[in-house]
Amino acid sequence: RDLEGTASFEAIVAADQKIEPRDVMPEAYRKGLIRQIAQHAHSEIIGMQPEGNWITRAPSLRRKAILLAKVQDEAGHGLYLYAAAETLGVTRDELTEALLNGRQKYSSIFNYPTLTWADMGAIGWLVDGAAIVNQVPLCRCSYGPYARAMIRVCKEESFHQRQGYQSLYVLANGSPAQRAMAQDAVDRWWYPSLAMFGPPDTESTHSAQSMEWKIKRFSNDDLRQRFVDMCVPQAEILGLTLPDPDLRWNEERGHYDFTQPDFEELMRVVKGDGPCNRQRMTHRRRAHSDGAWVREAAQAYAEKARAAKGA
Ligand code: ACO
């Protein structure tokens, strides 16, 4: 920044410094960030549901305490992210409304059902693993409040990933029935996890601009490849197979070749037609209206406290 403390948006981005809420920024940058951060926040909040489904049925007190803590962490991630979005001049109420009326989206992955306990392990390993691969680069994103929120989110996310992996490892080394349950969970979560990274680069609407503005640091396809390369040796240690007969090391590329997820399915799920979209939104709307009394009470308390201070 120059002596007056001002620098052009382009110069700040070019110097790999952070854009802060009061800096001048292009309207499209602001709007694009609100879109991505809000979608990310909604994903964390909706993402509490598939795992919340198993809290009462965890196989031990220890597993239950861990799962409860993890789901609470996700609520926390949602809150950091809503707070980051609010710095861009949008209110929490507006964001909530946009989720509830379907104007803003959340990640496709949370529209798949959690059918068995092993899904808790597979989600931790694959879904949280994919989230980390996608989110670690966001710690270097050009928008300060988003980048800083991501640092904390990623630390917690890596704990989530490890607990999932450990849980799946125990099942994979358990009885034949437990092993089969672990394999079935991996078979069902593999492709939806690959789809989390978004459409292929050739069809990604926002990538080019987001990369120019250093919101995104790597493309959807690059991150998907990084995730596959990371998972293959981990699956070997688990002793489980990834459900892709064409998965093999490509010496020339220095990467694994793999079968892409079904991107038409991704778009269907994003548009609202996945296995659990209706259930997830019905639940969220109900939770929101059930919580109205809490918001009203907090508001009344804040007004009373303000009045008392003013008196
Ligand atoms: N689920 C839902 N929508 C998606 C997904 C997905 N997995 N992937 C892409 N989309 C949507 C995009 O939002 C965009 O739609 P829009 O223009 O209506 O917003 C459209 O598909 C085209 O995709 P891209 O142009 O590639 O979108 P973008 O550049 O934003 O990249 C990505 C998508 C990679 C998800 C990016 O937004 C991102 O990194 N977001 C932050 C991370 C995040 O949201 N994670 C949530 C899941 S992880 C978790 O919560 C545990």
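Only the coordinates and a few stated rules stand behind these numbers; no lab work does. All figures in this text were calculated on a predicted structure; none of them were measured in a lab. Positions of Cβ are backbone-derived with ideal geometry, glycine not excepted, and every protein chain shown enters the neighbour counts.
For every other residue with a beta carbon closer than 15 angstrom to the beta carbon of HIS160, add +1 if it is Lys or Arg and -1 if Asp or Glu, then tell me the sum. Present the calculation step by step, with values, prior to reporting the outcome.
On the way: positive: ARG63, LYS70, ARG152, LYS155, ARG162; negative: GLU44, GLU51, ASP73, GLU74, ASP119, ASP128, GLU156, GLU157.
The answer is -3.
Tell me, what does the Kirkwood hydrodynamic radius of the range 66-213 come to in angstroms if you use every pair of distinct C-alpha atoms?
Working: mean 1/r = 0.0592 Å⁻¹.
It is 16.9 Å.
Ranked by Cβ crowding within 10 angstrom, fewest neighbours first, how are ASP290, ASP273 ordered?
Working: ASP290 9, ASP273 12.
Exposure proxy ranking, most exposed first: ASP290, ASP273.
Starting from the 7 Å offset along Cα-to-Cβ, what nm value, one decimal, do you get for the label separation of THR56 and LEU79?
Placing both labels 7 Å along Cα→Cβ, they lie 2.5 nm apart.
Compute the convex hull volume of the Cα atoms of the range 1-138, divide it by the residue count, and report the result per residue in Å³ as a whole number. Working shown, then result.
Details: hull volume 17.6 nm³, N = 138.
Measuring per residue, one finds 127 Å³ for the Cα hull of the range 1-138.
By per-residue mean of other Cβ atoms within 10 Å, what is the highest-first order of 16-28, 86-98?
Details: 16-28: 13.2, 86-98: 15.4.
Per-residue Cβ counts within 10 Å, averaged per peptide and sorted highest first, yield 86-98, 16-28.
Starting from 0.36 nm per residue, how many nanometres of slack lie between MET211 and THR91 once their C-alpha separation is accounted for? Mind showing how you got there, number by number?
Numbers: separation 120, 0.36 × 120 = 43.20 nm, distance 2.62 nm.
Working it through step by step, the gained length comes to 40.6 nm.
So what's the chain giving for Cα Rg divided by 2.2 N^0.38 Å, two decimals? Before the final figure, lay out the partial values.
Working: Rg = 21.0 Å, N = 311, 2.2 N^0.38 = 19.5 Å.
Taking the Cα Rg and dividing by 2.2 N^0.38 Å, one obtains 1.08.
Output the peptides 104-110, 248-254 sorted from most to least packed, where packing is the average of other Cβ atoms within 10 Å over each peptide's residues. Before the final figure, lay out the partial values.
Details: 104-110: 21.7, 248-254: 9.0.
Descending mean neighbour count gives 104-110, 248-254.
Starting from one equal scatterer on each C-alpha and no solvent at all, send me the Debye-based log10 I(q)/I(0) for the range 194-283 at q = 0.15, 0.17, 0.20, 0.21 Å⁻¹, two decimals.
The calculated log intensity ratios at q = 0.15, 0.17, 0.20, 0.21 Å⁻¹ are -0.75, -0.91, -1.07, -1.10.
Provide the net charge surrounding MET181, with neighbours chosen by a C-beta distance below 13 Å and charges set as Lys +1, Arg +1, Asp -1, Glu -1. List each step's numbers first, then the result.
Details: positive: ARG179, ARG188; negative: ASP119, ASP184, ASP187.
So the environment of MET181 carries a net charge of -1.
At 222 nm, what helix-only mean residue ellipticity would the chain give, in deg cm²/dmol to the nearest 500, using -39500 (n - 2.57) for each DSSP H run of four or more? Spell out each step's value before the answer.
Details: 14 runs with 194 residues, N = 311.
Roughly -20000 deg cm²/dmol at 222 nm, from the helical runs in the chain.
Could you compute the net charge surrounding PRO137? Neighbours are other residues with a C-beta less than 12 Å from the C-beta of PRO137; K and R count +1, D and E count -1.
Values: positive: ARG140, LYS214, LYS216, ARG217, ARG226; negative: ASP222.
Its environment carries a net charge of +4.
Highest mean first, how do 39-50, 116-127, 294-305 rank when packing is the count of other Cβ atoms within 10 Å averaged over residues? Write down the numbers at each step before the final one.
Numbers: 39-50: 22.5, 116-127: 25.7, 294-305: 10.0.
Top to bottom by mean Cβ count within 10 Å: 116-127, 39-50, 294-305.
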